[in-house]
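Participant: Following this message is one structure expressed as structure tokens.
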Amino acid sequence: MLSAWLTQFGMGINEGAMMKLHVFDSCPFCARVTTVIGLKKMDCEISPMILGQLPGSLEGKLERLNVPVLELQQQDGKHTVMFESLDIIRFLDQQDEPMLTCYKVSEALNNLLKRLYPISAQLLYPRMPRLNLPELSTPNALSIFVESRKGALSQPIEQALQKTEEYLPELERLLEELESLLDIDVLVSGERQLNIDDIAAFSELRNYTMVAELEMSERMMNFVSFIASRSGMSLYPPISQ
């Protein structure tokens, strides 16, 4: 898939080309790309999308809505789009001196993220409507979100919010596993470089800052703050039950 996109984009970005990344702010896959853009100080417009609305420039270019979407407008008028977060990261990182040596998230981390999703969804989805997220900034977008989450949670989001204390112990246990996968102290001390697992883990943990009742360990918060400060990624205000 990436090779096909590279054929469309070309191996490099021409001088004067315009790049725009379409995102949902709370999407961890979008956060992966915006974190890399921030770390590398790249000239790329971050364009928040609204749930249920497709930007005009993407009309007819996507078989289905799948964020993030990188849009590239070359000076010669050639217009192309790329999706899949890791492919976008690889493409962007290789435009100048690469920051990363690998663009594949480890199997161990991927498996843990899959185990995290069912429990984190119960804690995150109920808080998102209260955060003034760009993707939920219209009544229609908010309605779509609330109705669609009922199926994902198997209960109304208000009910999930009320059960916060039931879900926290399992989330905290899984976060202990996550912490054991990350070589945090060596990263924060500057003894090693960031890798793709760090970026994927940060993009997940960033969302957990919206859960007021969750107390992440000092090491984990050091990890989150370390990457946030260097990438310019904002964290979320805590929302309580």
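Participant: Rounded, prolate or oblate: which one fits the stretch 96-241, using the alpha carbon gyration tensor with axes a ≥ b ≥ c (rounded when a/c is under 1.5, else prolate when a/b beats b/c, else oblate)?
Facilitator: Here the stretch 96-241 falls in the prolate category.
Participant: Here's another thing I want to ask about it. Whole-Hz Karplus ³J(HN,Hα) for the stretch 183-190, in order, using 6.51 cos²θ - 1.76 cosθ + 1.60 and θ = phi - 60°, x for Gly and Pro?
Facilitator: 8, 5, 4, 5, 5, 5, 6, x
Participant: Can you list residues from other chains, or at least 5 along the same chain, whose modelled amide H is less than 5 Å from the amide H of Ser47?
Facilitator: Leu21, His22, Val23
Participant: Rounded to the nearest whole Å², what accessible area per residue is found for the chain with the 1.4 Å probe? Working shown, then result.
Facilitator: Details: 11940 Å² over 241 residues.
That works out to 50 Å² per residue.
Participant: Among Tyr103, Asn132, Ala121, whose Cα lies farthest out toward the positive end of the dipole of the stretch 98-173, if unit charges sit on the beta carbon of Lys, Arg (+1) and Asp, Glu (-1)?
Facilitator: Going by the Cα projections, it comes out as Tyr103.
Participant: Can I ask one more? Taking amide H positions as placed in the peptide plane 1.01 Å from N, state which residues far from Ile239 in sequence (5 or more) or on other chains have amide H under 5 Å from it.
Facilitator: Val211, Ala212
Participant: What ³J(HN,Hα) values, in whole Hz, does the Karplus curve 6.51 cos²θ - 1.76 cosθ + 1.60 give for the stretch 211-221 when θ = phi - 60°, with x put for Gly and Pro?
Facilitator: 8, 4, 7, 7, 10, 6, 5, 4, 5, 5, 5
Participant: By how many degrees, between 0 and 90 and to the nearest 10, does the Cα long axis of helix 164-181 differ from the longest principal axis of the chain?
Facilitator: 50
Participant: Going Cα to Cα from Lys40, which lysines come in below 18 Å? Please leave out same-chain ones fewer than 8 positions away.
Facilitator: Reachable lysines: Lys20.
Participant: So what J values fall out for the stretch 108-116 if you push phi through Karplus, 6.51 cos²θ - 1.76 cosθ + 1.60 with θ = phi - 60°, rounded to Hz, Gly and Pro as x?
Facilitator: 4, 5, 4, 5, 5, 4, 5, 6, 6
Participant: Assigning unit charges at the beta carbon (Lys, Arg +1; Asp, Glu -1) and nothing else, what dipole magnitude in debye, to the nearest 20, does the stretch 137-179 show about its Cα centre? List each step's numbers first, then the result.
Facilitator: Details: 4 positive and 9 negative charges, 79 e Å.
So the magnitude is around 380 debye.
Participant: Just for the chain, what percent of DSSP beta bridges are antiparallel, to the closest 5? Let's see the in-between values first.
Facilitator: Details: 10 of 15 bridges.
Around 65 percent of the beta bridges assigned by DSSP in the chain are antiparallel ones.
Participant: Return, in residue-number order, each cysteine of the chain whose C-beta is not under 4.7 Å from any other cysteine's C-beta.
Facilitator: Within the chain, the cysteines lacking a partner Cβ under 4.7 Å are Cys44, Cys102.
Participant: To continue, here is another question. Trypsin sites (Lys or Arg not before Pro) within the stretch 43-113: which are DSSP loop residues with at most 14 other Cβ atoms inside 10 Å? Walk me through the intermediate numbers first.
Facilitator: On the way: sites: Lys61, Arg64, Lys78, Arg90, Lys104; in loops: Lys61, Arg64, Lys78, Lys104.
Those that pass, being in a loop and sparsely packed, are Lys61, Arg64, Lys78, Lys104.
Participant: With charges set only on the Cβ (+1 for Lys and Arg, -1 for Asp and Glu), what does the dipole of the chain come to about its Cα centre, in debye to the nearest 20?
Facilitator: 520
Participant: Amide H to amide H under 5 Å from Val67: which residues, 5+ apart in sequence or cross-chain, H placed 1.01 Å off N in plane?
Facilitator: Excluding prolines and chain starts, which carry no amide H, there are no hits.
The values are calculated or read from the model by the stated rules, or taken from the named source; none is laboratory data. On a predicted model such as this, the values are computed, not experimentally measured, just so you know. Glycine gets a Cβ as well: all are built from the backbone with ideal geometry, and neighbour counts include every protein chain shown. The area values use the complete protein model at the heavy-atom level, side chains included, leaving out ligands, DNA and RNA. Shrake-Rupley method; radii C 1.70, N 1.55, O 1.52, S 1.80 Å.
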